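Undergrad: Mind having a look at this structure? Questions to follow.
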Amino acid sequence: MTKSAVARRHLPTSPFKAPVAPPDKYFAEGERVTHDTYGLGRIVSVEDGIAVLVDFGAKQVRILSPYLKLSAL
């Protein structure tokens, strides 16, 4: 049996706490960042809420929101 790709909804009568969504991450051009796969980089351009283009030295990578592996320094 496999897991469903759809997230389960929280019932108001449940004794367990509702899952908390992680806060949205916002980046600015020129900001230094680190990525779990690519390492250190600098934000080149920002598409609000959609993606960021990051220069990692050897290559530029477009990273889509929600930026799970990307964090600001």
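Undergrad: At a 1.4 Å probe radius, carbon and sulfur cover how many percent of the accessible area of the chain? Intermediate results must be reported in sequence, preceding the final value.
TA: On the way: 3520 of 6170 Å².
That fraction is 57 percent.
Undergrad: Provide the gained length on full extension for the span residue 14 to residue 65, in nm with one decimal, where the gain is 0.36 nm per separating residue minus the Cα-Cα distance. The partial results should precede the final answer.
TA: Working: separation 51, 0.36 × 51 = 18.36 nm, distance 3.04 nm.
Result for the pair: 15.3 nm of gain on full extension.
Undergrad: Residue by residue through segment 9-15, which ³J(HN,Hα) values in whole Hz follow from phi under the Karplus form 6.51 cos²θ - 1.76 cosθ + 1.60 (θ = phi - 60°), with glycine and proline marked x?
TA: For segment 9-15, the Karplus curve yields 8, 8, 8, x, 8, 5, x Hz.
Undergrad: Accessible area per residue, 1.4 Å probe, Å², for the chain: what's the number? Mind dumping the intermediate values first?
TA: Details: 6170 Å² over 73 residues.
I get 85 Å² per residue for this part.
Undergrad: Applying the Karplus parametrisation 6.51 cos²θ - 1.76 cosθ + 1.60 with θ = phi - 60° to the phi angles of segment 44-59, what ³J(HN,Hα) value in whole Hz is obtained for each residue in order, glycine and proline being reported as x?
TA: Taking θ as phi minus 60°, the curve returns 9, 8, 10, 10, 3, x, 10, 6, 10, 9, 10, 9, 9, x, 6, 7 Hz for segment 44-59.
Undergrad: Test of understanding: in a Gaussian network model of the chain with alpha carbons linked when under 10 Å, which of 20, 54, 46 would top the mean-square fluctuation ranking?
TA: It is 20.
The values are calculated or read from the model by the stated rules, or taken from the named source; none is laboratory data. Not measured: the values here are computed from a predicted model. We work out accessible area using only protein heavy atoms, side chains counted, and drop any ligands, DNA or RNA first. Shrake-Rupley method; radii C 1.70, N 1.55, O 1.52, S 1.80 Å.
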